[in-house]
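J.: Handing you a structure now.
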């Protein structure tokens, strides 16, 4: 934007017209519309002062707001200068006329839109903010200036009874369309990775995202007017047990996240699939479905790629090597993994599982207890595998034949 054109615009006159339009309830509550917005808005009862403000915005420096598409990555909206007038009125009532005019003027000098992708995690409390990088963090606090907007969006989901934590990602969305940027912004794999890694640290349930929204920074024109499009995850089983993430767990999450990011793709892919299934297993109450999900989750990481040789043996051997620190501990884990594999096979082939499983040295153990122990071992196995940087075919062989299991 031409800085001289911005400087030469009559900002004091705009400020006066904004002040006159502040009492206009119709302008304050203006709805988004497509097509011939002027004809539509004429029936809304906008005051003459409101139209004076709109007409003052018919100037080349506001061209980016005149019948343009505002692209937020997960949504795109046709905008007009009447919506800009509405934002001016709404924002002026919140922060004052002078600050609102300054925000608009500053924005015209920018070539990007400041925004946040906010992912809501029900039933989770984080002791202190966990910063993963300069643009990505986890918190139980509403991001500054977005509390009211986010609260209303959560209320619309009919899930407001939960305590929430949020994955907050800062975005700089280019004003001029950039296909590569928007292709990247649609990739939410890193959000899934965070949720999956959190599932290895929580005690009872696995955090799963309810939804995410891309929200404009409060100082950005049209914030809370055109944003708020929800990306929903209906296939996920949400956590229903309150969980807390301590500072120590937060530090462990940061460490795991960094190591996970550096695992090469062919080693990471089975871990991705396995973690997704583990989240489902943890949050499922049905024992039969839990046995299937837990079995699939562990098979993703406890059997070598592209092999069908002795899957059950690989399953319990690799598992015990990943999670046991001593020979005695590995023998105990070996028997639990064996019982898990049996329950998974029963569930798949019979549609139900036995009430208990016989475990060497322990006698009959309830299937419920086996699944609980199996889930705890699965978390340890995934953490061990991530710390190792994943395994390929050669890595599985090396692990099975090595005499050093540390």
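J.: Criterion first (modelled with pLDDT of 90 or more, assigned by TED's automatic domain parsing to the domain that holds residue 203 and either more than 20 Å from residue 169 (Cα to Cα) or under 30 Å from the mean Cα position of the chain (by Cα) (or both)) does residue 80 satisfy it?
T.: no
J.: Next up: Kindly indicate whether residue 313 is in contact with a helix residue (DSSP H, G or I) (Cβ under 6 Å, 6 or more places away or on another chain) and either farther than 20 Å from residue 382 by Cβ or not in a loop (DSSP other than H, G, I, E, B) (or both).
T.: no
J.: Within region 33-62, which residues are more than 40 Å from the chain's Cα centre (by Cα), modelled with pLDDT of 95 or more and either not assigned by TED's automatic domain parsing to the domain that holds residue 15 or not in a helix (DSSP H, G or I) (or both)?
T.: The one that is more than 40 Å from the chain's Cα centre (by Cα), modelled with pLDDT of 95 or more and either not assigned by TED's automatic domain parsing to the domain that holds residue 15 or not in a helix (DSSP H, G or I) (or both): 47.
J.: Please list, ordered by first then second residue, the pairs with beta carbon atoms under 8 Å, 6 or more apart or interchain, first in region 7-26 and assigned by TED's automatic domain parsing to the domain that holds residue 49, second loosely packed, with under 14 Cβ neighbours inside 10 Å.
T.: Between residues of region 7-26 that are assigned by TED's automatic domain parsing to the domain that holds residue 49 and residues that are loosely packed, with under 14 Cβ neighbours inside 10 Å, the close pairs are 15/98; 22/93; 26/45.
Residues are listed down the side, and each one gets a yes or a no for (1) closer than 26 Å to residue 370 by Cβ; (2) in the same structural domain as residue 122 (by TED's automatic domain parsing); (3) out of contact with any strand residue (DSSP E or B) (no Cβ under 8 Å at 6 or more places or on another chain):
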| position | (1), (2), (3) |
| --- | --- |
| 208 | yes, yes, no |
| 212 | no, yes, no |
| 220 | no, yes, no |
| 239 | yes, yes, no |
| 267 | no, no, yes |
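J.: Also, I was wondering about something else. Filter region 167-199 for residues that are closer than 30 Å to residue 252 by Cα and in a helix (DSSP H, G or I) and give the result.
T.: Matches in region 167-199: 184, 185, 189, 190, 191, 192, 193, 194, 195, 196, 197, 198.
J.: Please enumerate the residues belonging to region 152-180 that are over 21 Å from residue 211 (Cα atoms) and touching a residue at least 60 places away in the same chain (Cβ under 8 Å).
T.: Residues satisfying the conditions are 174, 175, 176, 177.
J.: Does region 139-148 contain any residue that is closer than 23 Å to residue 90 by Cβ and in a helix (DSSP H, G or I)?
T.: Start the filter on region 139-148 by keeping residues that are closer than 23 Å to residue 90 by Cβ, which leaves 142-148.
Checking which are in a helix (DSSP H, G or I) leaves us with 147-148.
Yes, region 139-148 contains a residue that is closer than 23 Å to residue 90 by Cβ and in a helix (DSSP H, G or I).
J.: Quick one: residue 202 ticks every box in (1) farther than 30 Å from residue 109 by Cβ; (2) modelled with pLDDT of 90 or more; (3) assigned to a strand (DSSP E or B) bar one, so which box is it?
T.: (3)
J.: Please enumerate the residues belonging to region 261-272 that are under 13 Å from residue 301 (Cβ atoms) and either surrounded by 15 or more Cβ atoms within 10 Å (Cβ to Cβ) or within 17 Å of the chain's Cα centre (by Cα) (or both).
T.: If the condition is that a residue be under 13 Å from residue 301 (Cβ atoms) and either surrounded by 15 or more Cβ atoms within 10 Å (Cβ to Cβ) or within 17 Å of the chain's Cα centre (by Cα) (or both), then 263, 267, 268, 270, 271, 272 are the ones that fit.
J.: If I filter region 157-170 for residues that are over 20 Å from residue 198 (Cβ atoms), assigned by TED's automatic domain parsing to the domain that holds residue 225, surrounded by fewer than 18 Cβ atoms within 10 Å (Cβ to Cβ) and in contact with a helix residue (DSSP H, G or I) (Cβ under 8 Å, 6 or more places away or on another chain), do I get at least one hit?
T.: Yes; the residues of region 157-170 include at least one that is over 20 Å from residue 198 (Cβ atoms), assigned by TED's automatic domain parsing to the domain that holds residue 225, surrounded by fewer than 18 Cβ atoms within 10 Å (Cβ to Cβ) and in contact with a helix residue (DSSP H, G or I) (Cβ under 8 Å, 6 or more places away or on another chain).
The values are calculated or read from the model by the stated rules, or taken from the named source; none is laboratory data. Being a predicted model, the structure only gives us computed values, none of them experimental. Methodologically, a virtual Cβ is constructed for each residue, glycine included, from the backbone with ideal geometry; neighbour enumeration extends over all protein chains shown.
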